[in-house]
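Chemist: The structure is given below, and queries will be raised subsequently.
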Amino acid sequence: MKLNKTIIVLAISAVFLSACSDTDETDAGLTDGSLNANSGINDASTTGLNKGYGMNDSAMNGNGDYASTLGPEFNDPNNPLSKRTIYFMLDSSEVMPDFVTVISAHSQYLIANPSQHITLEGNADERGSREYNIALGELRAKSVASMMKARGVSEGQLNVVSYGEEKPAVLGNNEAAWEKNRRVEVAYQPR
Amino acid sequence: MSFFNKVLFLVAFSLSVTNSHAALTIEISEGISSALPIAVAPFASAGAPVNISAIVNADLERCGYFKMMAEPAMPSKPNTAAAVNFNEWQAASQNYLVIGQLADSGGGQYNVQFQLFDVYKSGQLLGYRMNSSAADLRKTAHHISDLIFEKLTGKKGVFSGRIAYITTTNLGSKKQSQQLQIADADGFNPQTIASSVEPLMSPSWSPDGKKMAYVSFERKSAAVYVQTLATGERVRVAEFPGINGAPAWSPDGTRLALTLSKDGSPDIFILNLSTRSLTKLTKSFAIDTEPSWSPDGNSLVFTSDRGGKPQIYIVPSQGGDEKRLTFSGSYNARASFSPDGKNLVMVHGNGNDYRIAIMDMSNKSINVLTSGHSDESPSFAPNGSMILYASQKGGTGFLSAVSIDGKIQQKLVFNSGEVREPSWGP
């Protein structure tokens with residue numbers, strides 16, 4: 001479907017002849033070219049643009065809270081294995097002392113269960129630019145990964161991904177929400 | 001070998017032609033005091049399905065340069081030059097008058113003509129007649145707006161352009177999903193080109209407007225895709241371990257700058273799209289990300305925290321000295337060049353506020369243009385006059401546009417869901 005557009009400079013009555021001939025030429029040339037280009041783009045993109053991608057298949061669904069099925073220790077609030085989120089200060093990837101026990105507990109579990117894999121999902125709060133936050137989330141996840149490796153976890157058990165600010169745990173534009181979003185989630189993968 | 005794995009997408013359903021509902025409503029929140037008074041008299045419509053004069057009126061109104069005359073205040077509604085009485089438009093204090101009419105040429109085709117008059121000189125400035133299919137009438141209206149805008153301001157109009165952005169539905173719930181959409185510059189004709197329950201990010205237009213590069217987490221980790229808009233064909237161009245992000249086309253369209261963390265810290269790489277060769281451009285141990293090319297292709301700006309906080313740096317595209325450009329403010333990120341290369345626009349953070357700022361490359365002075373708390377993702381209009389960006393209020397993300405002098409502000413209100421990461425197409 002070629003939407004052919006043509007342009008004709010209106011030949012208007014003598015009253016308006018003050019807009020003299022060279023103006024008409026310029027206008028006609030300019031407009032002709034850009035309109036042809038327009039209709040070309042329109043033909044092509046409209047067809048293609050209606051064919052979007054749907055990627056909502058099962059591979060994209062989360063694995064839920066798989067860790068809670070691993071054993072009672074993962075659900076016991078007094079056991080550090082029940083804690084699977086490590087929080088961070090603003091623009092920092094340094095693990096705070098409070099979370100060392102949690103990281104050590106998961107490390108011990110992984111050493112004892114070498115076929116178990118985890119993904120460390122780094123996240124950031126919404127402030128600042130999105131791609132920089134992807135980098136910040138990765139630094140946080142890598143900080144946790146290096147602590148686990150230092151404790152003897154095999155590198156092959158650890159996968160790192162950063163979602164930056166794209167997957168907030170809590171919605172909101174205040175510090176209460178932001179501090180819950182600056183985090184690394186320890187996601188146990190189904191064996 | 002999954003690198004450059006080609007995925008073909010076939011046409012599965014028929015084309016829907018008249019999908020032209022608005023996804024966005026654009027409100028002008030601030031204009032300039034010297035706005036030019038102009039009247040767009042209602043065109044004789046010949047029963048056409050699209051109200052051309054209303055679209056032209058809305059285009060000219062939201063750009064901020066014009067003060068539009070309301071229809072009820074018009075002394076008359078001429079459709080032909082012969083019916084124009086300049087005295088009455090002078091008496092109504094109008095500088096310019098637009099008239100027009102449509103004729104039904106049969107077969108779903110219309111002949112559209114319009115004329116722009118200088119009211120005080122009692123003369124015609126522009127006059128065109130063009131054929132348009134019914135489906136194309138909106139585009140024709142935007143084209144008329146572009147012609148009028150250029151004639152009266154000397155700058156190229158951007159009403160015929162397109163914008164890309166990402167919307168989120170069911171934000172924060174388990175059903176959250178992202179759509180990468182393309183719409184006309186006035187928010188009409190929104191079309192989803194990619195959709196995923198996992199994050200989609202960083203849409204980047206190819207310089208010819210025919211392709212879109214973006215980041216998708218659809219395979220549970222980041223990958224960069226290049227999608228041809230016309231055919232829907234898609235190529236996965238980068239899926240290395242770690243970050244695959246921030247794609248930016250070189251001005252000649254042959255290369256993509258990317259952020260990859262496959263070697264450890266995130267660095268800027270250049271991917272040659274035809275040879276598939278990958279060149280590492282920056283090698284710091286800090287975060288280097290968000291590359292953007294200068295219009296001449298000779299250099300790139302990028303964000304780095306090598307000095308402790310994120311700041312903007314510049315590097316020759318062939319590699320070489322990496323120089324810091326920003327020294328004002330504790331946070332400067334996501335810079336990109338104006339089309340003439342004279343300015344950089346960026347996210348500028350001070351304390352808890354992240355705003356859009358423009359930097360003059362000649363003297364490095366920074367001018368903050370916006371007043372939000374969380375403004376991000378600035379993108380220049382192709383004519384360099386406006387900057388589109390993402391903003392937030394009350395937890396809702398929306399798009400705004402600001403003129404490069406900060407004097408004209410527009411708010412683009414999205415009808416449902418959150419909208420972010422706008423990118424103005426070429």
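The values are calculated or read from the model by the stated rules, or taken from the named source; none is laboratory data. Not measured: the values here are computed from a predicted model. All Cβ positions, glycine included, derive from the backbone under ideal geometry; neighbour counts span all protein chains shown.
Chemist: Residue by residue through region B:359-385, note down the ones that are surrounded by fewer than 21 Cβ atoms within 10 Å (Cβ to Cβ), more than 12 Å from chain A (Cβ to nearest Cβ) and not in a loop (DSSP other than H, G, I, E, B).
Modeler: Answer for region B:359-385, where residues must be surrounded by fewer than 21 Cβ atoms within 10 Å (Cβ to Cβ), more than 12 Å from chain A (Cβ to nearest Cβ) and not in a loop (DSSP other than H, G, I, E, B): B:ASP360, B:ILE366, B:ASN367, B:VAL368.
Chemist: Select from region B:205-246 the residues that are within 10 Å of chain A (Cβ to nearest Cβ) and closer than 15 Å to B:PRO291 by Cβ and write down the one among them that is surrounded by the most Cβ atoms within 10 Å (Cβ to Cβ).
Modeler: Looking at the filtered set, the residue picked out is B:ALA246.
Chemist: Still on this structure, I have one more. Looking at region B:148-158, which of its residues are over 16 Å from B:PHE43 (Cα atoms) and crowded, with 21+ Cβ neighbours inside 10 Å?
Modeler: Correct list: B:PHE149, B:GLY157, B:VAL158.
Chemist: Search region A:111-153 for residues being of a type outside the set (Val, Ile, Thr), in a helix (DSSP H, G or I) and away from chain B (no Cβ under 13 Å), and hand back the single one that is farthest from A:LEU171 (Cα to Cα).
Modeler: A:ALA112
Chemist: Could you tell me which of the residues B:ALA35, B:ALA41, B:ALA58 is of a type outside the set (Lys, Arg), at pLDDT below 90 and surrounded by 15 or more Cβ atoms within 10 Å (Cβ to Cβ)?
Modeler: Result: B:ALA35 is the single residue among B:ALA35, B:ALA41, B:ALA58 that is of a type outside the set (Lys, Arg), at pLDDT below 90 and surrounded by 15 or more Cβ atoms within 10 Å (Cβ to Cβ).
Chemist: Here are some conditions: (1) touching a residue at least 40 places away in the same chain (Cβ under 8 Å); (2) touching a strand residue (DSSP E or B) at 6+ places or on another chain (Cβ under 8 Å). B:THR231 meets all but one. Which one does it not meet?
Modeler: (2)
Chemist: Looking only at region B:166-181, which residues are at positive phi and within 9 Å of chain A (Cβ to nearest Cβ)?
Modeler: B:GLY172 - this is the single residue of region B:166-181 that is at positive phi and within 9 Å of chain A (Cβ to nearest Cβ).
Chemist: Just to be sure I understand, how many residues within region B:116-134 are closer than 15 Å to B:ILE38 by Cβ and either of a type in the set (Lys, Arg) or out of contact with any helix residue (DSSP H, G or I) (no Cβ under 6 Å at 6 or more places or on another chain) (or both)?
Modeler: Summing the residues that are closer than 15 Å to B:ILE38 by Cβ and either of a type in the set (Lys, Arg) or out of contact with any helix residue (DSSP H, G or I) (no Cβ under 6 Å at 6 or more places or on another chain) (or both) in region B:116-134 gives 4.
Table: residues versus (1) part of a loop (DSSP other than H, G, I, E, B); (2) at pLDDT below 90; (3) over 26 Å from the mean Cα position of the chain (by Cα); (4) within 10 Å of chain B (Cβ to nearest Cβ).
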| position | (1), (2), (3), (4) |
| --- | --- |
| A:GLY48 | no, yes, no, yes |
| A:LYS51 | yes, yes, no, yes |
| A:ASN56 | yes, yes, no, yes |
| A:ALA59 | no, yes, no, yes |
| A:GLY64 | yes, yes, no, yes |
| A:GLU73 | no, no, yes, no |
| A:ASP76 | yes, no, yes, no |
| A:LEU81 | no, no, yes, no |
